[in-house]
Every structure is written in structure tokens, then in C-alpha cells.
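Participant: First the structure, which I've put down as C-alpha cells, then a few questions once you've had a look.
The values are calculated or read from the model by the stated rules, or taken from the named source; none is laboratory data. Everything quoted here is computed from the prediction, not taken from an experiment. Counting neighbours? That spans all protein chains shown, and the Cβs are built from the backbone with ideal geometry, glycine included. For the accessible areas, the whole protein counts, side chains as well, though only heavy atoms, and no ligand, DNA or RNA atoms are used. Shrake-Rupley method; radii C 1.70, N 1.55, O 1.52, S 1.80 Å.
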Amino acid sequence: MLEVISEQTCFGGVQASYRHDSTEIGLQMRFSVFHPPQEKSRMVPVLFYLAGLTCTDETFMIKAGAQRWAAQHGIMLVAPDTSPRGTGIPGATDDWDFGEGAGFYIDSTAAPWDRHFRMESYVARELRDLIPNQLNADDERVGIFGHSMGGHGALVLALRHPDRFRSVSAFAPIAAPTQCPWGQKAFSRFLGDDPNTWADYDASNLIRERKPSFPDGILVDQGMDDQFLSSQLRPEIFEDACRDAGQPLTLRRHAGYDHSYYFIASFIEDHLAFHNANLNR
């Protein structure tokens, strides 16, 4: 059962916020949806957006300016929260880059995080199925994209569930999390101390291990003035892995752009067009 928290008219459609009891998380979860005007008369494709560290389900909807282009293309946008909230787990709110607000879109296997931090199953299974079941969204036309931690999440979930997502793109993703401090910190706590267990949540490793899953390509945009580029994001590792695996990739490097939503807003039109083409191919 979905509880409507708010609804506002936006570009001829409706910007809404929902709450529901999640079976995967074991707590209430929030998510935001932009309903394009076309949804009133027909089923529409749906695009999931995964936000980055410290964000909520509202951050993208407020800052990215995506609704204008989603309304133009007739695409539903869905933005889940970045983690469970109010878990009561000691230390869950101590660090900005781990725990609540930083779930990394994986299923934790290490206690006590495994009680509630099941973001892969929540996004790729529970919420992925709930949207077409409850809203006027086409189950056959589903894409995913994200930013930073959410870019990592989008790439990983698409590669791990290619039957569930038909298109994927990312803004400044954490492209090789097993080789950067953010990923190592999160994986060691969520998954345990054995680095061999982390590889299944590293997009660069997944590309090398699996056959190309997206023949129409993956789109990644990266700002070259991003303060996290060399230490945390490492897009060149993902680029090399795609080339070695034969996975088509468009990696666009943009001089002068940083890690902020100003960067995302500058290129969001291109990502909506990319997904529109792939989802309606």
C-alpha cells in the first residue's frame, strides 16, 4: 500500500512523494516519482535515478531539472532514498559517507547492517516490481541511472540484473569502488573484511567477468574539475574494462565541471534523450 505524502503539478505532470512498508528493508521507505502528462492516457517507460552520498529521494527531483525533459519524452522518473532511515543501529549516523544516507545500493551480509541495509534487493526487485504494479509504467521499458554513489549503484544493478533494466547511464560514478577509499570503507563494513567478497559490487570487475549486457551502449559523463575524480571515481578503470570486454561505452569528459548538481543539470537533457532512445528502440 502506497501512502501519498505530497503531490505538486509540474510541467503538465505531477511531482509526487510516497511512503510504504518495505519487506526487503524491514522499515518504511520513501521514494519520489515524476508522473509525466502522457501517463494519464497510456503506459509510459520508467527511469530509476539513484542519488549519491548524503542525498534523499528528493534531492534529484529538486536540483536536477529533469522533469522538463521527462515530460517532453513521456518518461516516469523514480528516485528512491539512498538508504534505510531510523535503523537504530549504533554508528549508522556517525559518518557522512557510510550508513544512513550512504547505503551503496548493495545487500549487506555483515551484522548488524544486514538487518536493514538491503538496497540492491529493494531497488532492483521490490521497488522495480512495485512501480509497474501500482503505477501506469511499462514493465518492459525500464532504465536506470545515477550520480556518484548512485552512479556506482546504477552501473552495478544494471550489470547484475540486465533482465530488469534495458538502459543505463551515470554521472561521475564511483566506477571502481574496490580501489577507492569510499568503496573500501563501505564494503569492509557492509560485506566483511575479505576483499574477495567485494568484487560482485564493482562495476569495473563485473564488466570484465560478464558478456556485454548493453549492446546499445552505456553513457557516462564526468567533470574534469571534480574534486573526487582521481581519488574516488576512477572512470579510466571502467573505460579500460569496457574496452577489454567489448562493451560499448561513451565516456564524456567535461572541462571545468565539478561533482555538483550544477554539473548534472548541465547534461541531464542528454541522459533523458539517451534513455528515451534506448527504451523506445
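Participant: If a residue must be under 19 Å from the mean Cα position of the chain (by Cα), of a type in the set (Ser, Thr, Tyr) and over 24 Å from Gly74 (Cβ atoms), how many such residues does the stretch 232-260 contain?
Facilitator: So the answer is 1.
Participant: Would a scan of the stretch 94-111 turn up a residue that is in contact with a helix residue (DSSP H, G or I) (Cβ under 9 Å, 6 or more places away or on another chain), open to solvent by 40 Å² or more (accessible area, probe 1.4 Å), over 22 Å from Gln15 (Cα atoms) and assigned to a loop (DSSP other than H, G, I, E, B)? Break it down into steps so the answer makes sense when it comes.
Facilitator: Going through the stretch 94-111, the residues in contact with a helix residue (DSSP H, G or I) (Cβ under 9 Å, 6 or more places away or on another chain) turn out to be 95, 97-99, 102-110.
Restricting the remaining residues to those that are open to solvent by 40 Å² or more (accessible area, probe 1.4 Å) gives 95, 109.
Applying the additional criterion that residues be over 22 Å from Gln15 (Cα atoms) yields 95, 109.
The next check asks that each one be assigned to a loop (DSSP other than H, G, I, E, B); those that pass are 109.
The answer is yes; a qualifying residue exists.
Participant: So, one more: Which of the residues that make up the stretch 203-246 are among the aliphatic types (A, V, I, L, M), farther than 23 Å from Ala265 by Cα and in contact with a Leu (Cβ under 6 Å, 6 or more places away or on another chain)?
Facilitator: Let us first name the residues in the stretch 203-246 that are among the aliphatic types (A, V, I, L, M), namely 203, 206-207, 218-220, 224, 229, 233, 237, 241, 245.
Cutting the leftovers down to farther than 23 Å from Ala265 by Cα gives us 203, 206-207, 237, 241, 245.
Matches in the stretch 203-246: Ala203, Leu206.
Participant: Can you run down the residue pairs with Cβ atoms below 6 Å, 6 or more apart or on separate chains, where the first is in the stretch 251-266 and farther than 23 Å from Asp240 by Cα and touching a residue at least 24 places away in the same chain (Cβ under 8 Å) and the partner is open to solvent by 30 Å² or more (accessible area, probe 1.4 Å) and of a type in the set (Gly, Ala, Ser)?
Facilitator: Listed pairs, sorted by first residue: Ala265/Gly65.
Participant: Same structure again: Can you report the number of residues in the stretch 242-258 which are in contact with a helix residue (DSSP H, G or I) (Cβ under 8 Å, 6 or more places away or on another chain) and in a loop (DSSP other than H, G, I, E, B)?
Facilitator: Residues flagged as in contact with a helix residue (DSSP H, G or I) (Cβ under 8 Å, 6 or more places away or on another chain) and in a loop (DSSP other than H, G, I, E, B) within the stretch 242-258 amount to 3.
Participant: Looking only at the stretch 233-244, how many residues end up being open to solvent by 30 Å² or more (accessible area, probe 1.4 Å) and more than 9 Å from Ala175 (Cβ to Cβ)?
Facilitator: Just the residues of the stretch 233-244 that are open to solvent by 30 Å² or more (accessible area, probe 1.4 Å), to begin with: 234, 236, 239-240, 243-244.
Filter once more, keeping what is more than 9 Å from Ala175 (Cβ to Cβ): 240, 243-244.
Number of matching residues: 3.
Participant: Please verify whether Asp21 is open to solvent by 10 Å² or more (accessible area, probe 1.4 Å) and under 26 Å from Ser266 (Cα atoms), treating the condition exactly as stated.
Facilitator: Numbers: open to solvent by 10 Å² or more (accessible area, probe 1.4 Å): yes; under 26 Å from Ser266 (Cα atoms): no.
Taking the combined requirement at face value, the residue does not satisfy it.
Participant: Something else: Ile264: under 17 Å from the mean Cα position of the chain (by Cα) and either open to solvent by 30 Å² or more (accessible area, probe 1.4 Å) or of a type outside the set (Phe, Trp, Tyr) (or both), yes or no? Show your work before the answer.
Facilitator: Values: under 17 Å from the mean Cα position of the chain (by Cα): yes; either open to solvent by 30 Å² or more (accessible area, probe 1.4 Å) or of a type outside the set (Phe, Trp, Tyr) (or both): yes.
Considered against the rule, which asks whether it is under 17 Å from the mean Cα position of the chain (by Cα) and either open to solvent by 30 Å² or more (accessible area, probe 1.4 Å) or of a type outside the set (Phe, Trp, Tyr) (or both), Ile264 comes out as yes.
Participant: Something else about it: Taking the condition of being out of contact with any Leu (no Cβ under 9 Å at 6 or more places or on another chain) and touching a residue at least 40 places away in the same chain (Cβ under 8 Å), how many residues in the stretch 45-63 meet it? Give the derivation first.
Facilitator: To start, the set of residues in the stretch 45-63 that are out of contact with any Leu (no Cβ under 9 Å at 6 or more places or on another chain) comprises 51-59, 62-63.
Narrowing further to those that are touching a residue at least 40 places away in the same chain (Cβ under 8 Å): 51-59, 63.
Of the residues in the stretch 45-63, 10 are out of contact with any Leu (no Cβ under 9 Å at 6 or more places or on another chain) and touching a residue at least 40 places away in the same chain (Cβ under 8 Å).
Participant: Looking at the stretch 49-59, can you tell me whether even one residue there is part of a strand (DSSP E or B), at pLDDT 95 or above and either among the hydrophobic types (A, V, I, L, M, F, W, C) or open to solvent by less than 10 Å² (accessible area, probe 1.4 Å) (or both)? Before you say what the answer is, go through the steps one by one.
Facilitator: At the first step, the residues of the stretch 49-59 found to be part of a strand (DSSP E or B) are 49-50.
Filter once more, keeping what is at pLDDT 95 or above: 49-50.
In the following step, the residues that additionally are either among the hydrophobic types (A, V, I, L, M, F, W, C) or open to solvent by less than 10 Å² (accessible area, probe 1.4 Å) (or both) were identified as 49-50.
Checked against the condition, which is being part of a strand (DSSP E or B), at pLDDT 95 or above and either among the hydrophobic types (A, V, I, L, M, F, W, C) or open to solvent by less than 10 Å² (accessible area, probe 1.4 Å) (or both), the stretch 49-59 yields at least one hit.
Participant: Further, regarding this structure: Within the stretch 241-254, is there a residue that is charged (D, E, K, R) and under 23 Å from Thr59 (Cα atoms)? I'd like the intermediate steps shown before the answer.
Facilitator: In the first step, residues of the stretch 241-254 are kept if they are charged (D, E, K, R); the result is 243-244, 252-253.
Filter again for under 23 Å from Thr59 (Cα atoms), leaving none.
The answer is no; no qualifying residue exists.
Participant: Hey, can you tell me all the residues within the stretch 4-42 that are polar (S, T, N, Q) and in a strand (DSSP E or B)?
Facilitator: If the condition is that a residue be polar (S, T, N, Q) and in a strand (DSSP E or B), then Ser6, Gln8, Thr9, Gln15, Ser17, Gln28, Ser32 are the ones that fit.
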